[in-house]
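**Q** I'd like to ask you about the structure that follows.
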Amino acid sequence: MGTFLSDIRYGARTLWKAPGFTTVAVVALALGIGANSAIFSVVNAIILRPLPYPEPERLVAVSGRDTREGTDYWQHSYPNFVDLREQREVFEHVTAYSRASFFLIEGEDPERIVGAVSTHDLFGVLGVRPALGRAFTADEDRPGAPRVIVLGHRLWQRRFGGDPAAVGREIRLGSYTATVVGVMPPGFEFPLGSRAEAWMPLGPAIPAATLAARDSVYLDLVGRLREGVSVERARAEVQTIGARLAAQYPDSNANQSFGLTPMHENLVGNLRRALFVLLGAVAFVLLIACANVANLLLVRAAGRQKELAVRTALGAGRWRIMRQLLTESLLLAVLGGGLGLLLAMWGTDLLVSLAPADIPRTAEVGLDARVLLFTLGVTALTGVVFGLAPAWQASKADLNETLKEGGRGSTEGTKGRLRGALVVAEVAVSLVLLVCAGLLGQSFLKLLSVEPGFEARGVLTADVVTLGKSFPERSQQAAFFSEVLARVAAVPGVEAVGAVNPLPLGGNFNTYSFRIEGRPAPAPGEAPVSDFRTAAPGYFRAMGIPVLRGRAFDERDTEKSPPVMLVNEALARKYFPGEDPLGKRITTGDSGSGNPPLTREVVGVVGDVRHAGLEEETTPESYVSYLQRPVSVMTVVARAAGGDAEALAASVRGAIREVNREQPVYNVRTMEQLLAESVARRRFNMTLLAVFAGLALALAAVGLYGVMSYTVTQRTHEIGIRVALGAQAADVVRLVVGQGMALALAGVAVGLFGAFALTRLMASLLYGVSATDATVYAAVALLLSSVAFLASYLPARRAARVDPMVALRHE
């Protein structure tokens, strides 16, 4: 131990006497270690850390599968849920829930609260009890039962001041009141990533007709497996139940089955590959940093050959020399790890701030014990990785040759080859990262070039809901929105105004099946399906959606006029191939609404809109006028005459509030913001990978520059002889640049091969770009070669200016 402490003290003094070398090495390592720790903290929180519920491995999400289309979906009808719950053998509990919004009216402006409605056993399935009060009961989960609500801890603190007396209090939620029966503990969230702050029983919240409709799908299902039951066994059972229901209820369940996925996998499945790609990228950055520091140590060891030879002559063995040098390497690693940990603390905050809102569990990202252990492990491994090769080479020095006056040591050739190999590795790894970043960048540009089907620039949106007893009839809801649209149209700067439900890219969908008049009735499970929207006259003009044939809605389309509808091109192509859909009659029934089937005439065809996202294909859509089918919630869209939608926000909000101040106005944002949010995950992945690739490129360039500078210094005597014998400056530059470019091109070749093999792993993250896109590969190879040329040219130019008289005296 005393010898080890002595090595540490000596190593510390040695590093202190070389501040330039120490600073460069520590900063390079800190960047690599800090980036790794920051990304690992995100991976740890989102992927590695178990769900924040007791025995989370027993929680599963029950999915559905369309066996005809081969696609999965996650929402179910209430009758299907009841059948699954009653026929289960492998589940301890099964619960159903649907995301919802509540509008809290408590002495201030109405506040929209994000939450969920669920069956009474939700908290039992999750294994979490309220911190205050109780959960709701089975009797409270029946249609017509008095409404109760459980509050989240944040909401309880924010709106009720953390008063325990809030439990038992009746609060006003829009058009109804509910009694607070419980408060959940701090940190509880469900669904994860939803920022839900309140939960209410499903029974009183959903119309009885909707609960009874087997073709009305709106519920997500979560189950807790019985002790000892495997996921495979549970999956087989739910598939059997699904087949039984398909045979029993062919009208609604034909071609449908159940599936089952561990809840954690369901939550992070789409994120896993992207995060591991980023983790691999920062690991590559750390490898490049290690290669750089190893090269610095090789150069430093060359300058310490006589010191090491003297120590050997005085009796120090090879292992003793290696141990001393490895101790210095570990000291550098510890310093780099400490600084890297500070960078990681800042980096995790930056990552969380940059992360898209729909990434779950970002609030849990931080430096916990696992991240600290990871950083410690990376630091120790790094110290060994970059220190072992230089220590091994330095300990092999020829004692007699080194102690000669002016001797350079017999191992210089081996060290030169090792330095060259490290540079080749740096260039290769940099190229892999640059190719990955280039592919993501090209993919992102392709995505942004996709036409969404509407003109986003200059459009402001605002969600408006009708609450209270002021709107007992649906016609009164229509009258309210008519007045809202008139007030907004009168706002200075508004060019066009309309309304829709649901809004494109808003994350909500309404789907129904229909029948085309004059055609044979479809077989069970074969009925045509369309997404369904309610729109106001002026909506298509405000959004810039073209009316291709026929007409749009107008004020004549009221409840007293013949029912009409518009369809998009996708629906016309799929269900009216080779026909003109205008004048065709389509019979629809609003699933679960209790309304009888209604036949509507198609009066117009509009352009396709990418409602689910820019990367998603357009689907059949149909529109009805809100004057013929009023709804309680609509999104008002207003187009700014000058294109500055944000400038209209206050005026539009004020105009809506003038109609009725008790009706909430929320989600006031521009369509450009919605478009940006829809590609936020891809932008996040691309930005981080581009940063890491840029850092890798800089480190590789520095590494190549350092090697070539050292090579020029070592070959100063040789260069002087060449100049004395008549070599021109161009010959010297060509010699040095040629050596540097040979290393760089070798690295490019290795990197191209590695990129071709590794980029296939990120194919699912790309859009419209092949993982082997030749343009990206060629551009990156040219960029890296250009940077390598510059890194070689600068030392070469210095070498060309060498005075031969000075060079010939150089040792």
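The values are calculated or read from the model by the stated rules, or taken from the named source; none is laboratory data. Treat the numbers as computed from the prediction; the structure is a model and nothing was measured. All Cβ positions, even for glycine, are placed from backbone atoms using ideal geometry, and neighbour counts span all protein chains on display. All accessible areas refer to the heavy atoms of the entire protein, side chains included, with ligands and DNA or RNA removed. Shrake-Rupley method; radii C 1.70, N 1.55, O 1.52, S 1.80 Å.
**Q** If a paramagnetic tag sat 7 Å from the Cα of Ala779 along the Cα-Cβ line, which residues of the range 672-709 would have the backbone N under 14 Å from that point?
**A** Under 14 Å, as judged by backbone N against the label point of Ala779, lie 690 of the range 672-709.
**Q** Apply the Karplus parameterisation 6.51 cos²θ - 1.76 cosθ + 1.60, with θ equal to phi minus 60°, to every residue of the range 728-739 and state each ³J(HN,Hα) to the nearest whole Hz, in sequence, with x for glycine and proline.
**A** After applying 6.51 cos²θ - 1.76 cosθ + 1.60, I find 8, 4, 4, 5, 5, 4, 4, 5, 5, 4, x, 5 Hz.
**Q** Can you run phi through the Karplus equation (6.51, -1.76, 1.60; θ = phi - 60°) for the range 78-95 and list ³J(HN,Hα) in whole Hz, with x for Gly and Pro?
**A** Rounded to whole hertz, the list is 5, x, 5, 4, 4, 5, 5, 5, 6, 9, 6, 10, 9, 9, 7, 8, 10, 10.
**Q** Could you work out how much longer the chain between Glu617 and Glu55 gets when fully extended? Use 0.36 nm per residue separation minus the Cα distance between them, nm to one decimal.
**A** 198.4 nm
**Q** Sorted by accessible area with a 1.4 angstrom probe, largest first, how do Glu92, Glu646 fall? Could the numbers behind the result be given before it?
**A** Working: Glu92 70, Glu646 120 Å².
From most accessible down to least: Glu646, Glu92.
**Q** So for Asp358, Asp463, what's the accessible-area order with a 1.4 Å probe, most first?
**A** Order by accessible area, largest first: Asp358, Asp463.
**Q** Still on this model: When the dipole is taken about the Cα centre of the chain, and only Lys, Arg (+1) and Asp, Glu (-1) are charged at their Cβ, what size is it in debye, to the nearest 20?
**A** Computed about the Cα centre, the dipole is about 2900 debye.
**Q** Under 5 Å between amide H atoms, partner at least 5 residues away or on a different chain: which partners does Gly544 have, H built in plane at 1.01 Å?
**A** So Gly544 has HN proximity to Glu455.
**Q** Once you have a ≥ b ≥ c as the square roots of the Cα gyration tensor eigenvalues for the range 107-194, tell me rounded if a/c is under 1.5, and otherwise prolate or oblate according to whether a/b is larger than b/c.
**A** Rounded, since a/c falls under 1.5.
**Q** Of Pro522, Gly32, Val183, whose Cα points farthest to the positive end of the dipole of the chain (charges on the beta-carbon: +1 Lys, Arg; -1 Asp, Glu; origin at the Cα centre)?
**A** Value: Gly32.
**Q** Provide the solvent-accessible area of Ser449, counting protein heavy atoms only and rolling a 1.4 Å probe, rounded to the nearest 10 Å².
**A** It works out to around 80 Å².
**Q** For Val148, which sequence-distant residues (separation of 5 or more, or a different chain) have an amide H within less than 5 Å of its own amide H, given hydrogens modelled in the peptide plane?
**A** Thr179
**Q** Roll a 1.4 Å probe over the protein heavy atoms and report the accessible area of Lys584 in Å², nearest 10.
**A** Estimated to the nearest 10 Å², Lys584 gives 60 Å².
**Q** What are the residues whose amide H is under 5 Å from the amide H of Glu92, where those residues sit 5 or more places off or on another chain and H is modelled from the backbone?
**A** Those lying under 5 Å, H to H, from Glu92 are Arg224, Leu225, Arg226.
**Q** Using r as the Cβ-Cβ distance of Glu106 and Ala742, and R0 as 56 Å, what FRET efficiency do you calculate, to the nearest 0.05?
**A** Step by step, r from the Cβ atoms, then E = 0.15.
**Q** Expressed as an acute angle from 0 to 90° and rounded to the nearest 10, what is the orientation of the C-alpha long axis of helix 412-448 relative to the principal long axis of the chain?
**A** 20 degrees
**Q** With both bridge residues required to lie in the chain, what share of the DSSP beta bridges run antiparallel, to the nearest 5%? Before the final figure, lay out each step's value.
**A** Numbers: 72 of 89 bridges.
Roughly 80 percent of the DSSP beta bridges within the chain come out antiparallel.
**Q** Next question, about the same structure. Which label belongs to the value computed from this structure, given these candidates for Rg and Dmax of the Cα atoms in Å: [x] 34.1, 108; [y] 28.8, 93; [z] 29.7, 118?
**A** Correct label is [x].
**Q** Determine, from the Cβ-Cβ distance of Ala209 and Val24 and an R0 of 56 Å, the FRET efficiency 1/(1 + (r/R0)^6), rounded to the nearest 0.05.
**A** 0.20
**Q** While we're here: Using heavy-atom solvent-accessible surface (probe 1.4 Å) with all chains present, what is the largest-first order of Val668, Val497, Val384?
**A** Val384, Val668, Val497
**Q** Say each of Asn270 and Ile8 gets a label point 7 Å from the Cα, pointing the same way as Cα to Cβ; how far apart are those two points in nm?
**A** Each label point is offset 7 Å from its Cα along the Cβ direction, giving 5.0 nm.
**Q** Using only helices, what value at 222 nm comes out for the chain when you add -39,500 (n - 2.57) per DSSP H run of length 4 or more and divide by the total residues, to the nearest 500 deg cm²/dmol?
**A** -16500 deg cm²/dmol
**Q** Using +1 at the Cβ of each Lys and Arg and -1 at the Cβ of each Asp and Glu in the chain, identify which of Ala196, Val603, Ile105 lies farthest towards the dipole's positive end.
**A** In the chain, that residue is Ala196.
**Q** Follow-up. For a Förster distance of 22 Å, can you work out the FRET efficiency between the beta-carbons of Ala363 and Tyr73, rounded to the nearest 0.05?
**A** It comes to 0.20.
**Q** Quick check of the Kirkwood formula: for the range 459-594, what is the inverse mean of 1/r over all pairs of different Cα atoms, in Å?
**A** 17.2 Å
**Q** Moving to a separate point now. Find how much the distance from Ala489 to Leu790 grows on full extension, using 0.36 nm per residue of separation minus their present alpha carbon separation; answer in nm with one decimal.
**A** 102.4 nm
**Q** Kindly report, to the nearest 10 Å², the accessible surface of Glu189 as traced by a 1.4 Å probe over protein heavy atoms only.
**A** 40 Å²
**Q** Sticking with this one: Relative to the longest principal axis of the C-alpha atoms of the chain, give the angle of the C-alpha long axis of helix 263-303, reported between 0 and 90° and rounded to the nearest 10°.
**A** 10 degrees
**Q** Based on DSSP, what percent of beta bridges with both residues in the range 562-674 are antiparallel, to the nearest 5?
**A** Around 55 percent antiparallel, to the nearest 5.
**Q** While we're looking at this one, here's another question. Nearest 10 degrees, 0 to 90: what angle lies between the long axis of helix 231-248 and the longest principal axis of the chain (Cα atoms)?
**A** 30 degrees
**Q** Let me ask another. I need the peptides 349-356, 419-426, 42-49 ranked by packing, meaning the mean over residues of other C-beta atoms within 10 angstrom, with the highest value on top.
**A** In descending order of packing, they fall as 419-426, 42-49, 349-356.
**Q** What are the ³J(HN,Hα) couplings of the range 546-558, residue after residue, when phi is run through the Karplus curve with 6.51, -1.76, 1.60 and θ = phi - 60°? Round to Hz, x for glycine and proline.
**A** x, 8, 7, 9, x, 9, 8, 5, 9, 5, 6, 7, 10
**Q** For the pair Gln239/Asp66, report the inter-label distance in nm, with labels modelled 7 Å from Cα in the Cβ direction.
**A** Label at Gln239, label at Asp66, 2.1 nm between them.
**Q** Of all the accessible heavy-atom surface of the range 197-254, with the other protein chains kept in place and a 1.4 Å probe, what percent is carbon and sulfur?
**A** The computed percentage sits at 52.
**Q** Lysine pairs in the chain with Cα distance under 29 Å, only those 8 or more apart or on different chains: how many are there?
**A** 14
**Q** OK, next. Simple spin-label model, 7 Å along Cα-to-Cβ: Phe756 to Glu170 in nm?
**A** Inter-label distance under the simple model: 7.6 nm.
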